[in-house]
1. To make sure I understand the rule: partners must be lysines, Cα under 24 Å from the Cα of LYS242, and not fewer than 8 residues away in the same chain. Which ones qualify?
2. For region 19-134, report the % of Cα-Cα distances exceeding 18 Å.
3. What fraction, in whole percent, of alpha-carbon pairs in region 193-252 exceed 19 Å separation?
4. For the chain, take every pair of Cα atoms, bin their distances at 10 Å starting from 0, and report each bin as a whole percent.
5. How much length is gained if the chain between MET69 and ALA312 is pulled fully straight, taking 0.36 nm per residue apart and subtracting their Cα-Cα distance, in nm to one decimal?
6. Compute the length gained on full extension between GLU172 and SER87: take 0.36 nm times their separation in residues and subtract their Cα-Cα distance, giving the result in nm to one decimal.
7. Under a GNM of the chain (C-alpha, springs under 10 Å), which listed residue has the highest mean-square fluctuation: ASP199, ASP237, ASP299?
8. With a cut-off of 8 Å between alpha carbons and a minimum separation of six or more residues, what is the relative contact order of the chain in percent?
Amino acid sequence: MSAAPAAFLASEAVERHFPRASLLIPSLEAALANFSSGAEGGVVQPVRTVVPVQKYNGFLGVMPAYSAMDDALTTKLVTFYEHKKDSSVPSHQAIVLLFDPRNGSLKAIMDGSIITAKRTAAVSAIATKFLMPADAEVLCILGAGVQAYSHYEVFIEQFSFKEVRIWNRTKENAVKFARSVMGPVQVCSSAQEAVIGADVIVTVTMATMPILFGEWLKPGAHINAIGASRPDWRELDDEVMKNSVLYVDSREAALNESGDVILSRAEIFAELGEVVKGTKPALPEKTTVFKSLGMAIEDTVAAKLVYDSWSAGN
Ligand SMILES: NC(=O)C1=CN([C@@H]2O[C@H](COP(=O)(O)OP(=O)(O)OC[C@H]3O[C@@H](n4cnc5c(N)ncnc54)[C@H](OP(=O)(O)O)[C@@H]3O)[C@@H](O)[C@H]2O)C=CC1
Ligand SMILES: O=C(O)C1=NCCCC1
């Protein structure tokens, strides 16, 4: 008997079945812990393959993963290109394939861009919950793109900041951000203005050279470093990396892909999953960096959430 044809879930359907990033936080915490548990965690996730498309300054990422606990098998294909101002397409485009792990049949093809935006922000929220200073009041976002919006949305839902600041390379996009989100956001004219005195900082740019400098940092601040996912790209300077306690999503990925980690030669203290498990401590009283590269297992649990909701007829 042939398998049922694969379902196709476009962005509108994915949004309907995954309306808020925070819905994924429990599954993500379990996935992070399982990933950091080695073989017993039941997560199989090789370091992704990234194919440079040098002629056009782009990349294709191939991100497979299997979770025994979730009994879910996916591959995300994601392209990322330096965003051109007149471009009609976003810098990042993604599709997620969900397979039946019992026989390899393709069950669903779904938009991966919303999944990528929401699961990345949710993982940053998990890191921030453990690592931000106890008396955090000021949130600073460097960047005003897709990840800036998804991070803002889940951070405002999960935490109580008295002040939110944004800086962006193109100020008009920061102004647009401030006008479009719920709640007051202060648009800063320089990254330094946005960073000084901030307790939680989110770097979500496609910068390839540092935009955040250690001399600006308030002692005890927490930085979620989302960008710079190539070995020769930077968002953070050496002073940030050397003077912080460094947490990562994946040691293997960080040492293969993160210019901030590789070029600064900073020591990795722990994976976020080890903090979730309790086998490594959170040190919120220290200045901390969570270097996020993005993991396929995060897409796996997100795609499962979407598919289970869709197949239940919600
Ligand atoms: N860790 C993870 O799991 C994931 C990480 N990412 C990474 O997060 C970052 C943001 O992604 P996303 O929001 O989707 O991208 P967008 O293209 O939507 O936004 C990119 C942002 O970066 C800014 N920017 C681009 N070039 C530079 C530069 N040279 N210096 C300073 N700022 C710059 C843009 O500013 P302007 O308005 O001026 O163009 C814009 O604010 C990327 O590096 C991406 O690869 C993405 C997905 C998952
Ligand atoms: O995890 C992801 O998805 C990505 N990470 C960094 C590069 C763009 C996609």
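The values are calculated or read from the model by the stated rules, or taken from the named source; none is laboratory data. The shown structure was predicted, so the numbers you read here are calculated from the model rather than taken from an experiment. Every residue, glycine among them, receives a Cβ derived from its backbone with ideal geometry; neighbour counts consider all protein chains shown. Ligands, DNA and RNA are excluded from the accessible area calculation, which covers all protein heavy atoms including side chains. Shrake-Rupley method; radii C 1.70, N 1.55, O 1.52, S 1.80 Å.
1. Those lysines meeting the cut-off are LYS129, LYS218, LYS280, LYS286, LYS291.
2. Numbers: 4111 of 6670 pairs.
Here the long-distance tail beyond 18 Å is 62 percent of all Cα pairs in region 19-134.
3. Values: 414 of 1770 pairs.
Roughly 23 percent, once rounded to a whole number.
4. Values per bin, smallest distances first: 6, 28, 37, 23, 6, 1, 0.
5. Extra length available between MET69 and ALA312 comes to 85.5 nm.
6. Numbers: separation 85, 0.36 × 85 = 30.60 nm, distance 1.65 nm.
Taking 0.36 nm per residue and subtracting the Cα distance, the gain is 28.9 nm.
7. Of ASP199, ASP237, ASP299, the most mobile in the Gaussian network model is ASP237.
8. On the way: 698 pairs, mean separation 63.8, N = 314.
Contact order relative to length: 20 percent.
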